[in-house]
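What follows is a structure written as structure tokens; I'll ask about it next.
The values are calculated or read from the model by the stated rules, or taken from the named source; none is laboratory data. Computed from a predicted model, the values in this text were never measured in an experiment. Every residue, glycine among them, receives a Cβ derived from its backbone with ideal geometry; neighbour counts consider all protein chains shown. SASA here: full protein model, heavy atoms, side chains in, ligands and nucleic acids out. Shrake-Rupley method; radii C 1.70, N 1.55, O 1.52, S 1.80 Å.
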Amino acid sequence: MAHVEVYSKDYCPFCQRAKGLLKSLGQKFDEIDLLQEPERRDEMIDRAGGAKTVPQIFIDGKHIGGCDELHALHAKGGLEPLLK
């Protein structure tokens with residue numbers, strides 16, 4: 001199973017939607033809540049090529065993007081192969 005990381009904020013509806021998709025696929029993920037660990041925000045921005053919004057999603061270290069990108073990847077049939 002792939003290693004998935006999600007940088008998020010608890011109150012963010014886009015974060016909830018992205019995490020909901022991953023959960024519906026049975027995918028476990030490490031959540032980095034930037035409200036609890038604000039010092040990791042710069043790490044996220046660096047890893048995400050300058051993206052400052054949440055969520056930012058990584059699968060096996062590869063930057064996928066945010067919620068919209070995750071859902072688009074799933075709609076094209078590209079997400080599940082990455083998760084195996």
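Give me a count of the residues in region 1-20 that are open to solvent by 20 Å² or more (accessible area, probe 1.4 Å), closer than 21 Å to LYS62 by Cα and either among the acidic types (Asp, Glu) or within 13 Å of the chain's Cα centre (by Cα) (or both).
Total meeting the criteria: 7.
Follow-up. Which of the residues that make up region 4-14 are at pLDDT 95 or above and not in a helix (DSSP H, G or I)?
VAL4, GLU5, VAL6, TYR7, SER8, LYS9, CYS12
Still on this structure, I have one more. Looking at ILE32, ILE64 in this structure, which one is among the aliphatic types (A, V, I, L, M), under 22 Å from LYS76 (Cβ atoms) and surrounded by 11 or more Cβ atoms within 10 Å (Cβ to Cβ)?
Going through ILE32, ILE64 in turn, the sole match is ILE64.
Looking at ALA72, ALA51, which is the one that is at pLDDT 95 or above and either basic (Lys, Arg) or closer than 21 Å to GLY20 by Cα (or both)?
The unique qualifying residue is ALA72.
Just checking: which of the strands (runs of 3 or more DSSP E) contained wholly in region 15-82 hold 1 or more residues that are in contact (Cβ under 8 Å) with a residue 24 or more places away in the chain?
30-33, 56-59
Looking only at region 35-48, which residues are surrounded by 11 or more Cβ atoms within 10 Å (Cβ to Cβ) and closer than 16 Å to ILE64 by Cα?
GLU43, MET44, ILE45, ARG47, ALA48
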